[in-house]
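Just so it is clear, none of the values below were taken in a lab; they were calculated from the coordinates. Predicted model, so just to flag it, every value in this text is computed and none were measured. Every residue, glycine as well, gets a Cβ built from its backbone with ideal geometry; the counts of neighbours run over all protein chains shown.
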Amino acid sequence: MFEGILTALVTPFRDGAVDDEALARLVERQMAAGIAGVVPCGSTGESATLSHAEHRHVVEVVVEAAAGRISVVAGTGSNSTQEAIELTGHARDAGADGALLLSPYYNKPTQEGIYRHYAEVARETAFPLVVYNIPGRTASNIAPETLARLAELEHVVGVKEACGDIDQIAHVIARCPDDFRVLSGDDGLLLPLLAVGGDGCISTTSNVVPESVAGLMAAWQEGDAARALEIHQQLMPIFDVLFCETNPIPVKAALALMGLVDGEIRLPLTPLTEANRERLQLVLKETGVLR
């Protein structure tokens, strides 16, 4: 259902509140660049520091801005199954096309607990769900066997894989049905993931250079692996610098340098250090993002 490049949108703030106008402009920019979809309220969108009211509001603003022209997959994850059900139900009712749910964090459920968590959300919401496996943030890894079980559920349609292990991801692809979408959660692994049969990426980098990331995907889909590799190599300095500090600190700083957002970020995240800001600015100039 969801494939290609979906952008994990930042949440712009101004004076401590969500900047609705800037958020809507970001969505328009993604559409103009040929991005397949947007993902509000994920890690890149600072969902962990949004109030529930803000979370719902961001989803509503993005759905309205997209106006059915591209997919909206709302981040609705929680370590509470009931809370995940409530957030997912709101995304469905607000007009989103699907929901992205990270594996429950902090309470470290077993593989059976992870399976039952997603199964319960799917049963209660009857809404397309994308599983999000990011062990570095959740302290648990979703095994390929568990994803294969989840892929059998009617409303579980894909996974964002950020385990960082291409061999594990290859086993997920091999075990799951052809219509189960496997998306990279690591920008630098998009091309390797495509090579082992994956379907795209939920990307941080496409906030900054959506045309380039979409171009990599298009080249691969057109059978031009050499062009896809060329674009990948051109993007490598941007991949590196956008993760020089905890995401979304660098990407938000990049968008601020580009004049697209205010750059305000919420504690416990802190502004990009001066040394890394200089490095970021240099990379963006060397790659033609900034003039």
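Extension gain, M236-Q221: 0.36 nm per intervening residue step, less the Cα-Cα distance, totals 3.4 nm. The charge dipole of the chain, taken about its Cα centre with unit charges on the Cβ atoms of Lys, Arg (+1), Asp and Glu (-1) only, comes to about 260 debye. The residue list N276, C163, I238 was ranked by how far each Cα lies along the charge dipole of the chain toward its positive end, using unit charges on Cβ atoms, and N276 comes out on top. Each peptide among 169-176, 111-118 gets the average number of other Cβ atoms lying within 10 Å of its residues, and from highest to lowest they stand as 169-176, 111-118.
Modelled spin-label separation between M258 and L153, with each label point placed 7 Å from Cα along the Cα-to-Cβ direction: 3.4 nm. Placing unit charges on the Cβ atoms only, positive for Lys and Arg and negative for Asp and Glu, gives the range 198-291 a dipole magnitude near 240 debye about its Cα centre. The helix-based estimate of mean residue ellipticity at 222 nm for the chain, built from -39,500 (n - 2.57) per DSSP H run of four or more residues and divided by its residue count, is -14500 deg cm²/dmol to the nearest 500. Look at the dipole of the range 4-222 built from charges on Cβ: of A91, A139, H52, the Cα furthest out on the positive end belongs to A139.
Oblate is the label for the chain, because the ratio a/c of its alpha-carbon gyration tensor axes (a ≥ b ≥ c) is 1.5 or higher and a/b is not greater than b/c. Please report the antiparallel percentage of DSSP beta bridges with both residues in the chain, rounded to the nearest 5. Of all bridge pairs located within the chain, approximately 5 percent are antiparallel. Counting only residues at least eight positions apart within a chain, or on another chain, the lysines with an alpha carbon under 28 Å from that of K108 are K160. Taking all Cα pairs closer than 8 Å and separated by 6 or more residues, the relative contact order of the range 4-222 comes to 19 percent.
Rounded to the nearest 0.05, what FRET efficiency do E64 and T110 have when you use their Cβ-Cβ distance and R0 = 41 Å? Working from the Cβ atoms, E equals 0.55. Under a model in which nothing but the beta-carbon of Lys, Arg (+1) and Asp, Glu (-1) is charged, the range 6-88 shows a dipole of about 300 debye around its Cα centre.
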